1. Answer with yes or no whether Thr60 is closer than 23 Å to Leu165 by Cβ and either open to solvent by less than 40 Å² (accessible area, probe 1.4 Å) or in contact with a Lys or Arg (Cβ under 7 Å, 6 or more places away or on another chain) (or both).
2. Here are some conditions: (1) over 30 Å from Lys157 (Cα atoms); (2) touching a residue at least 12 places away in the same chain (Cβ under 8 Å); (3) among the small types (Gly, Ala, Ser). Ala37 meets all but one. Which one does it not meet?
3. What number of residues within the range 10-37 satisfy the criterion of being surrounded by 16 or more Cβ atoms within 10 Å (Cβ to Cβ) and in a loop (DSSP other than H, G, I, E, B)?
4. Could you list all residues from the range 22-34 that are in contact (Cβ under 8 Å) with a residue 24 or more places away in the chain and within 28 Å of Asn138 (Cβ to Cβ)?
5. What are the pairs, 6+ residues apart or on separate chains, where a residue within the range 52-79 that is more than 15 Å from Asp16 (Cα to Cα) and free of Cβ contacts under 8 Å to residues at least 40 places away in the same chain has its Cβ under 9 Å from a residue that is part of a helix (DSSP H, G or I) and charged (D, E, K, R)?
6. For Gly76, all conditions in the list (1) at negative phi; (2) over 17 Å from the mean Cα position of the chain (by Cα); (3) not hydroxyl-bearing (Ser, Thr, Tyr) hold save one; what is the number of the exception?
Amino acid sequence: MNHFELFGLPFQFQLDGSLLSTRFRELQRRFHPDNFATASERDRLMAVQKAAQINDAFQTLKTPTTRAEYMLSERGVDIRGEQQTLQDPVFLMQQMELREALEEIPDAAEPQSALADFEQQATGLYRAQLAELEQLLNDEQWEPAADAVRKLKFIDKLRHEVELLEDSLFD
């Protein structure tokens, strides 16, 4: 049973997050190990394993990047934990330029405004990449979707760096 089947959801990139959370809580209540405290050793062990499976599946599906990686692995393209370099020089150059611009924000005349503008740009890139990824997954173009996930990881990291800078500037 794959993660989508576990939660009774269709195998698709676009998910209803509140439905996922609701089904997660229902499954957690149903298979919580405390419910099996008086059961046999075997049943207690199975409950612990099922609870771990439910937690793992939820953590995987709740985030777009890990959800896409999982979908790809289910289709025979496993890129989880890979160290392959992205082969898109235009995208990589854009990422280098964005990181350089991010490094300059603390020295800007109005760093708060500069950071807000940068964050808006990064969010736009993220949304565009998500839309491209969703289309590729819907069209079952697994290898191009894998590259889209690789790009999304770069953008995720950039957005995290924005958060760190925001914390350091306005803490």
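The values are calculated or read from the model by the stated rules, or taken from the named source; none is laboratory data. What you are looking at is a predicted structure, and each value in this text was computed from that prediction instead of being measured. FYI the Cβ positions are ideal-geometry reconstructions off the backbone, even for glycines, and counts take in every protein chain you see. Protein only, heavy atoms only, side chains kept; ligands, DNA and RNA dropped before computing areas. Shrake-Rupley method; radii C 1.70, N 1.55, O 1.52, S 1.80 Å.
1. no
2. Failed condition: (2).
3. Going through the range 10-37, the residues surrounded by 16 or more Cβ atoms within 10 Å (Cβ to Cβ) turn out to be 13, 15, 20, 23-24, 27, 31, 33, 36.
Those left that are additionally in a loop (DSSP other than H, G, I, E, B): 13, 15.
Matching residues across the range 10-37 total 2.
4. Matches in the range 22-34: Phe24, Leu27.
5. Short answer, once both residue conditions are applied: Asp78/Glu69.
6. (1)
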